[in-house]
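Presented below is the structure to which this report refers.
Bear in mind that the values in this text are calculations on the coordinates, not laboratory data. These numbers were taken from a predicted model, which means no experiment stands behind them. FYI the Cβ positions are ideal-geometry reconstructions off the backbone, even for glycines, and counts take in every protein chain you see.
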Amino acid sequence: MHYFFVNGPLLCCPCAVGGVFAAPLVLGAVGFTSAGIAAGSWAAGMMSAAAVANGGAVAAGSTVAVLQPAGVAGLGTAATAVAAGTGAAIGGALTGLVAIII
């Protein structure tokens, strides 16, 4: 358990920064691009499913409605904080797994 407390912050901080840089790349890779949602992409499938479930329109506040502007304009302050927190959580989880294994 000593490993986690000594090395936890060393892994969480870089992972938080990595999360901020990776989020726009991941959004683009799944189809949320600066030109809109890419045809035939995972994002297009999400949008189609959301529209079918909602009677033909994508509901405001849905996952697609939140991610699409982030793909077009980039991450705002709140989304950057979420990306950093997610990266830090992944780093913490990996550190915890290493502590269990070692």
A chain fully extended from LEU97 to VAL17 at 0.36 nm per residue, minus the present Cα-Cα distance, gains in nm 26.8 nm
Which stretch or stretches of the stretch 22-38 have amide N atoms under 14 Å from the point lying 7 Å from SER48's Cα along the Cα→Cβ direction?
-> 38
In terms of modelled amide H atoms, which long-range or inter-chain residues lie less than 5 Å from the amide H of THR33?
-> ALA38
Compare the peptides 62-70, 48-56, 35-43, 83-91 by average per-residue count of other Cβ atoms within 10 angstrom and give them in order, highest first.
-> 83-91, 62-70, 35-43, 48-56
